[in-house]
Amino acid sequence: MSARITAGLFMSHVPAIGAAVDKGLTEEPYWQPLFEGLKTSRQWIADNPADVVILVYNDHGNAFSMEMIPTFALGMAASYQPTDEGWGPRPVPIVEGHPELSAHIAQSVIPAGFDLTLVNEMTVDHGLTVPLSMMYDQPAAWPTKVVPLAINVIQHPAPTGRRCLELGKAIRAAVETFDDDLNVQIWGTGGMSHQLQGARAGLINPEWDHAFLERMINDPEGMADVPNVDYLREAGSEGVELVMWLTARGALADLNGGPAPTEAHRLYHVPASNTAVGHLIIENA
Ligand code: DHB
Ligand code: FE
């Protein structure tokens, strides 16, 4: 039996959420409503465990620094050490990889026209570890293996939403030809609207965020054709992180000839640090 993608998960990756978990602040009034909403997510993942998560995220100048910024970078390693700016490296378990699945994705996706950068050794920052903490809290070891896929959204120009969605479709085709009985989830992280710099620092646009969540369910093909400048204008300079959600969305069944997916959970919470937290769990019928 081959591997299959069974769900897409989507969430912001705000570093302060990771710090709240690490410092035991999740019951504080500021954080309690968010973590209340995540109870449903944590129950869902306990009921629907993954063997491997393909985790689409962006590095924030930590693994790649500013000297070299690959547009699409696939982690090939057996493990990834946490790193970070700000609060520093998080006290979280090392992230175990799945080199065989990584190699298979590379062998399938590159000939299909997506020129990934292959990264044999790298660290992973809050873009990858905060979503793990949101779903799994503080385990002694992460309960899933992770294939990291880092997308550049920090130095202009980021790839288009269309390119990201099509890459997701190619990843689904790759997973479905991997000859191992693996339950694979794909997670898209980042967003929602936020701007950390310049005159509009602090920008949050709930209307736009809600429309984006809705379109992620019902109109991902239309959303993929929204130009990046619209994200910058409406969702702020860091809101363009949301194109990464489209990679995960492109890997779900309905965009690849399969049945419509089911929305299992939706959460929207403002604020967390400088951003709105958006979160979706979409089951892949
Ligand atoms: C914040 C959000 C991010 O996505 C990020 O990478 C860094 C900081 C914030 O809201 O503070
Ligand atoms: Fe970020």
Enumeration of residues in segment 104-158 that are in contact with a strand residue (DSSP E or B) (Cβ under 7 Å, 6 or more places away or on another chain), among the hydroxyl-bearing types (Ser, Thr, Tyr) and farther than 21 Å from Leu182 by Cβ: Thr117, Thr123, Thr129
Residues within segment 1-42 that are within 16 Å of ligand 1 (Cβ to nearest atom) and in a helix (DSSP H, G or I), tallied: 9
Top-ranked residue in segment 144-202 [being part of a loop (DSSP other than H, G, I, E, B) and within 16 Å of Arg249 (Cβ to Cβ); ranked as modelled with the lowest pLDDT]: Gly191
Candidate set from segment 187-204 (those that are of a type in the set (Gly, Ala, Ser) and under 14 Å from Phe10 (Cβ atoms)); member that is farthest from ligand 1 (Cβ to nearest atom): Gly188
Subset of segment 45-59 [buried (at least 20 other Cβ atoms within 10 Å of the Cβ) and either among the aromatic types (Phe, Trp, Tyr) or in a loop (DSSP other than H, G, I, E, B) (or both)]: Ala50, Tyr57, Asn58, Asp59
Residue satisfying all of: in segment 60-90; surrounded by 19 or more Cβ atoms within 10 Å (Cβ to Cβ) and outside any loop (DSSP other than H, G, I, E, B); nearest to ligand 1 (Cβ to nearest atom) among these: Pro82
Extreme residue, surrounded by the most Cβ atoms within 10 Å (Cβ to Cβ), among residues of segment 169-221 that are under 19 Å from Asn284 (Cα atoms) and among the β-branched types (Val, Ile, Thr): Ile186
Counted residues, segment 215-247 - those being within 16 Å of ligand 1 (Cβ to nearest atom) and part of a helix (DSSP H, G or I): 10
Residue that is nearest to Met66 (Cα to Cα), among those in segment 119-147 that are buried (at least 18 other Cβ atoms within 10 Å of the Cβ) and out of contact with any Asp or Glu (no Cβ under 9 Å at 6 or more places or on another chain): Val119
Condition check for Tyr57: at negative phi and free of Cβ contacts under 8 Å to residues at least 40 places away in the same chain: no
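The values are calculated or read from the model by the stated rules, or taken from the named source; none is laboratory data. If you're wondering where the values come from, they're calculated on a predicted model, not measured in any experiment. Every residue, glycine as well, gets a Cβ built from its backbone with ideal geometry; the counts of neighbours run over all protein chains shown.
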